[in-house]
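The structure appears right after this line, and notes come after that.
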Amino acid sequence: LLIRSDTTDGSTTFTDSSDEGHTVTRNGGAKHFAPKFGRSAMHLDGTGDLLDFADSDDWYFGADDWTIEFWVNLSELGTEQTFWHQRYDSSNTWGIFKNASNQWVIRTASEADTMYWNWSPSADTWYHIAFVGDGGEISLYIDGVDQGAVDGGDATFTVPQIAARVRIGARHHADYYFNGYLDEIRISKGVARTDAGQDLA
């Protein structure tokens, strides 16, 4: 998946530029706005905006290497917000969130697999975020810098295979909406982008 947001200010059309060509379903007032790169960035305002994708084997990483990366600019701090969520039921779910303490969190159905990384962001500031699965070990890079050990849980887990849609910007319960700007969202299956030579940041 690759959403470049390379369009015009105010556009409401979202396109997957990867070879897979996933259909992006826009919800709420999601639109493109002032960019980090190129001509525009994505704006989700925290009140019903999200992007929705059909189930695909591309979302099933298993024990393979993988990278989920994006540029983010938060309009609101101190609230739980969703970046990525895939859920079939309470036993088959996983997601990437920013919690009310501004930690980045990977959460699965098992609390033992919940991972937290401390973060002290500023509002209205661009950051490059990359979650990397490398040989089953999970790392978080912010602006190309490895954030080190997680707080709580185990830094290793296998991404579950879940027959469910993926949402970017909200949970499947339609809550914990993202409030801010996103640009250059890239999902890479089979690739652990762990250094600048692999275009991490």
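The values are calculated or read from the model by the stated rules, or taken from the named source; none is laboratory data. Predicted model, so just to flag it, every value in this text is computed and none were measured. Don't worry about glycine lacking a Cβ; one is built from the backbone with ideal geometry, like all the others, and counts go over all protein chains shown. All accessible areas refer to the heavy atoms of the entire protein, side chains included, with ligands and DNA or RNA removed. Shrake-Rupley method; radii C 1.70, N 1.55, O 1.52, S 1.80 Å.
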### Message
Which count do you get for residues in region 62-73 that are open to solvent by 20 Å² or more (accessible area, probe 1.4 Å) and modelled with pLDDT of 90 or more?
### Response
2
### Query
Residues T47, T15: which one is over 22 Å from I142 (Cα atoms), free of Cβ contacts under 8 Å to residues at least 40 places away in the same chain and of a type in the set (S, T, N, Q)?
T15
### Query
What is the one condition in (1) modelled with pLDDT of 90 or more; (2) open to solvent by 30 Å² or more (accessible area, probe 1.4 Å); (3) aliphatic (A, V, I, L, M) that A196 does not satisfy?
(1)
### Query
Based on what the data block shows, is T158 buried (at least 16 other Cβ atoms within 10 Å of the Cβ), among the hydroxyl-bearing types (S, T, Y) and either out of contact with any Cys (no Cβ under 8 Å at 6 or more places or on another chain) or over 20 Å from I187 (Cβ atoms) (or both)?
no
### Query
Looking only at region 114-159, which residues are of a type in the set (A, V, I, L, M, F, W, C), more than 29 Å from F33 (Cα to Cα) and in a loop (DSSP other than H, G, I, E, B)?
A149, V150, A155, F157
### Query
Any idea which residue in region 74-120 is nearest to G180 (Cα to Cα), counting only those that are surrounded by 16 or more Cβ atoms within 10 Å (Cβ to Cβ) and of a type in the set (G, A, S)?
G95
### Task
Out of the residues in region 45-71 that are of a type outside the set (D, E, K, R) and part of a loop (DSSP other than H, G, I, E, B), state the one that is nearest to W104 (Cα to Cα).
G46
### Query
Which pairs have Cβ atoms under 9 Å, sit 6 or more apart or on different chains, and link a residue in region 140-167 that is under 15 Å from G95 (Cα atoms) and of a type in the set (S, T, N, Q) to one that is surrounded by fewer than 12 Cβ atoms within 10 Å (Cβ to Cβ) and modelled with pLDDT of 90 or more?
Q161/D57
#### Entry: Subset of region 44-61 [over 14 Å from the mean Cα position of the chain (by Cα) and surrounded by 13 or more Cβ atoms within 10 Å (Cβ to Cβ)]
D45, G46, G48, D49, D55, S56, D58, Y60, F61
